[in-house]
Amino acid sequence: MLKKSMMWSVVFALVLSLSAAYDTPTAWALPPDTPSKSTAQSELNALTVQAEGSMTGYSRDLFPHWIDQGGGCDTRQVVLKRD
């Protein structure tokens, strides 16, 4: 009888050999239709940056959906930390 570790090695080798028998899609380095660096740069240069507007009337209390995520953090804080 095969040892457990040897059995898993055989299963793994079988899975690898079966996956090699089928055509698998090739990963793309860039998404399709990605503009060239020069095109992207010229489009970025064409953007207009607007001056900051007034914050009058803004309140975080207007956005109650930032639920608690534990550890004293809400969803907004968790996403900011993640990104």
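The values are calculated or read from the model by the stated rules, or taken from the named source; none is laboratory data. It should be emphasised that the depicted structure is a prediction, and the values quoted were computed from it without experimental measurement. Reconstructed Cβ throughout: ideal geometry from the backbone, glycine too, with neighbour counts over all protein chains shown.
What the table shows:
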| read-out | value |
| --- | --- |
| Top-ranked residue in the stretch 47-83 [being among the hydrophobic types (A, V, I, L, M, F, W, C) and in a loop (DSSP other than H, G, I, E, B); ranked as surrounded by the most Cβ atoms within 10 Å (Cβ to Cβ)] | TRP66 |
| Any hit, the stretch 18-29, residues being under 30 Å from GLN77 (Cα atoms) and modelled with pLDDT of 70 or more | no |
| Test: LEU44 is modelled with pLDDT of 70 or more, in a loop (DSSP other than H, G, I, E, B) and among the hydrophobic types (A, V, I, L, M, F, W, C) | no |
